[in-house]
Every structure is written in structure tokens, then in C-alpha cells.
Amino acid sequence: MSGEFEPKIVGFLCNWCSYAGADKAGTAQSPYPPNVSIVKVMCSGRVDPQFVMAAFDKGADGVIMLACHPGDCHYTEGNLRALGRHRMLLRLLEQLGIEKERCVMDYVSAGESEKFVKVINDTVRAVRELGPFRPFSSHSGK
């Protein structure tokens, strides 16, 4: 076992597209790192920013939000809501002194298993380079 840091990442995946893309990657036995704990949500628009902050607070080193492509949302515009929340989260994380690369949002459809694997690989690599997440209390100067 190498001493290399392995990040813990929480992935919020839309049931209709992104989760199906992840399932297809698994069925195709496409290799990707096991660093992501998947949380299936009915729609990316249901991912409350508090869920993301709680993931960090409970030890996640990074968070991924995966949504349907614009125009393909099962709930019409939930993915657009998720995009707005992600932008807000990035501003909040910046104010807290937390690297924006720790919170990723992307679009993955049911047929894009290769893209799912790429997003996972890219995020794990980026968070690994950043190192372990320091809890919020250490960012506030306490």
C-alpha cells in the first residue's frame, strides 16, 4: 500500500441520467477509482447546498454533483436549479477559503458512461493534488 493520499468524495447523481450513466459504466466494467460514495437523488435540483456542506463537515475531501444535460431534465429545469446552487456554493466555499476544485458539477447522460468515468478520474486526481480537506473549524482561524 502506498502512502499516497486517497480522497473521499461524495457524488450526488441524478436518478434519470447521471446515475444511469454510472450504472452503465459499472455494467461495462469500465475501471475508475473507488473514491466516490454515490448518493442517488431523484433530480440534481433536489441537492440542497446544506447536503454539500454536510458532506464536507462529515469528512468528504470533495463533492461531485452530476446532472442531466440542459434541456434533458426529467423535471424540466431541476438541472438549472442545481447549476445556480453550485455557483452559489462556489462563492461560499471561496469565502471560507476552500478550493473550488473540491466541489464539481457536470452533466452526464444515461448513455455517457465514458464521460462519467472521466469526471470521476479528473475529480479524484484534482482533489488528491489538493490534499485532505481541513474541517471548517480550521478555516475560521480557531
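Every read-out reported here was derived from the displayed coordinates using simple, explicitly stated rules and does not represent laboratory data. Values in this document were obtained by computation on a predicted structure and should not be read as measured data. Glycine gets a Cβ as well: all are built from the backbone with ideal geometry, and neighbour counts include every protein chain shown.
Would you be so kind as to identify all helices of the chain, as entire DSSP H runs, whose Cα atoms reach 24 Å or more along the helix's own axis and whose mean Kyte-Doolittle hydropathy is at least -0.5?
78-95, 113-130
Let me understand region 1-96 better: what is its radius of gyration from the alpha carbons, and its Dmax, in angstrom?
Here Rg and the maximum Cα pair distance are 14.3, 46 Å.
Using the 10 angstrom Cβ neighbour count as an exposure proxy, how do Cys68, Cys73, Cys14 rank, fewest first? Working shown, then result.
Working: Cys68 26, Cys73 22, Cys14 32.
Listing Cys68, Cys73, Cys14 from fewest to most nearby Cβ atoms yields Cys73, Cys68, Cys14.
Rounded to the nearest Å, what's the spacing between the alpha carbon centres of region 105-138 and region 1-49? Just the number, please.
Each part reduced to its Cα centre gives a spacing of 9 Å.
Which lysines have a Cα less than 21 Å from the Cα of Lys118, not counting those fewer than 8 places away in the same chain?
Partners within reach: Lys8, Lys24, Lys40, Lys100.
Loop only per DSSP, at most 13 neighbouring Cβ atoms within 10 Å: give me the trypsin sites (Lys or Arg not before Pro) in region 2-85, ordered by residue number. Before the final figure, lay out each step's value.
Numbers: sites: Lys8, Lys24, Lys40, Arg46, Lys58, Arg81, Arg85; in loops: Lys8, Lys58.
Sparse-neighbourhood loop trypsin sites (Lys or Arg not before Pro): Lys58.
Can you give the local net charge around Lys24? Use residues other than it whose beta-carbon is closer than 10 angstrom to its beta-carbon, Lys and Arg +1, Asp and Glu -1.
Details: positive: none; negative: Asp23, Glu112, Glu114.
Once all neighbours under 10 Å are counted, the net charge is -3.
Report the extension gain between Lys8 and Glu101 in nm, rounded to one decimal, defined as 0.36 nm multiplied by the number of residues separating them, less their alpha carbon distance.
Difference between extended and current length: 32.1 nm.
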